[in-house]
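The values are calculated or read from the model by the stated rules, or taken from the named source; none is laboratory data. Predicted model, so just to flag it, every value in this text is computed and none were measured. Positions of Cβ are backbone-derived with ideal geometry, glycine not excepted, and every protein chain shown enters the neighbour counts. Just so you know, the surface numbers come from the protein's heavy atoms only, side chains and all, with ligands and any DNA or RNA stripped out. Shrake-Rupley method; radii C 1.70, N 1.55, O 1.52, S 1.80 Å.
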Amino acid sequence: AVMPPDIGGRGRRRARGSVAAAAAVALLPQTYGMYVLEESYVGMEFFQKFWFFNQTDPCKGTVEYVDFATAARHNLIRGNDEQVYMGVDMESVFPKGSKTGRESVRLQSLKTYNHGLFAISIRHMPSGCGVWPAFWMYGEEAGQSWPSMGEYDMIEGVNNDAFVKTTMHTGPGCDQSQVVEGRDFDSMWVRDENGPANNCYVNATGQYYNVGCSQEGPPGSFGETLNSAGGGTFVGEWDPASERMRTWFFPKDREPRDLHSRTPQPDTWGKPYSYFSLSEATCPARRFRDMRLVFSLNLCGDLSGAHYAHGCPDLAERMTCEELALEHPELLKEAYWLIDGLDVYQKMPDQLMNIAGSAAAPPGMGGPAVAASAGGWVPAAPRGAQAPGPQARPP
């Protein structure tokens, strides 16, 4: 497997915002303008910003999710200033009939979000038969189990899929049937014999359990087709004020210039491949709150296992998905993430932009680290948030 370079390399500088300027506008009526960089995850502290989920996989995958120390000791994770690597154990061979799982990782951010622009640049995505990778967000807290606080799957697919699927999962009252292919987004609804999957409620009538509302990504946006092209960049916009979730995919070296300069202007990027309405009548924005970023790398389980025979018919004649996962590490050499960047942007109040003036960072150097609060805009919360509990049901 391709591994990132040794630790070292170019550091990232970040300009600091003006706290005094934030305080000066806290009591003013606020309108929101351009996006500014809140946090750049990829770097030497990447793994300090996540909790390693190490409990039984709720998706019934043939994996054993391990903690940070185990993942580091067994070379499942590596990182430096430029890249982050996360993969499965590619060496162990388990006895036939074993009830264990192959070691893998699932990371959940310590920080929670209620809006933002999330840009992830991927050099390599886990691919191959039996593999189920996802980059997603979900909310959960005591007394509010999944999916009452929403789930947004920006990147998800299984086996030999050639395009990504972007999906939302919610409780009742999130019907996207008024969102139209071609008009609102530049792709298609995922379909089965029941028709388009356009109701996000996990128990929606006329849809299989937990299908959610799901849209196809463009060709070449997943798996081996993405990897052979050198990767690409996904950008998800969660914008409750504008009542929408939008997602774009840009093949490698075709990203917008403003994204390269870290001054993103998504309204200039053209139609997204995925669009979900968060209007009060369609799917109230309050159904999504306090969501965490999640990387997961599963094997078989509820989704990949269910589609294994269809996606990998030749292998399915010789072995089950579970036999592949446990007895054939040579078939899992592509089951790893290689991430070049993960940046989170937030909209800056126009008033703060005007007052801060020269305090803002120049293009390409990031911007003030800010986060929304009831009283205005304040410096982003430090690390050390309480680790999240297990989720009842992942994507």
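Quick notes on this one:
- Taken over the range 110-134, the criterion of being under 12 Å from the mean Cα position of the chain (by Cα), surrounded by fewer than 24 Cβ atoms within 10 Å (Cβ to Cβ) and within 27 Å of Gly173 (Cβ to Cβ) is satisfied by Leu117, Phe118.
- Residue in the range 75-89 that is touching a residue at least 40 places away in the same chain (Cβ under 8 Å), farther than 28 Å from Val344 by Cα, part of a loop (DSSP other than H, G, I, E, B) and of a type outside the set (Phe, Trp, Tyr) present: yes
- When the residues of the range 99-109 are filtered to those that are open to solvent by less than 30 Å² (accessible area, probe 1.4 Å) and outside any strand (DSSP E or B), the one that is farthest from Phe52 (Cα to Cα) is Gly101.
- Single unsatisfied condition, Ala371 versus (1) within 26 Å of the chain's Cα centre (by Cα); (2) small (Gly, Ala, Ser); (3) part of a loop (DSSP other than H, G, I, E, B); (4) at pLDDT below 50: (3)
- Subset of the range 61-115 [acidic (Asp, Glu) and out of contact with any Pro (no Cβ under 9 Å at 6 or more places or on another chain)]: Glu64, Asp67, Asp81, Glu103
- Cβ-Cβ under 8 Å pairs, at least 6 apart or on other chains, the range 105-132 side more than 18 Å from Asp290 (Cβ to Cβ) and of a type in the set (Lys, Arg), far side modelled with pLDDT of 95 or more and not in a strand (DSSP E or B): Arg106/Phe53; Arg123/Gln83; Arg123/Gly230; Arg123/Gly231
- Qualifying position, being in contact (Cβ under 8 Å) with a residue 12 or more places away in the chain and under 24 Å from Trp189 (Cβ atoms), among Trp337, Trp269: Trp269
- Asn160 passes every criterion in (1) part of a helix (DSSP H, G or I); (2) open to solvent by 60 Å² or more (accessible area, probe 1.4 Å) apart from (1).
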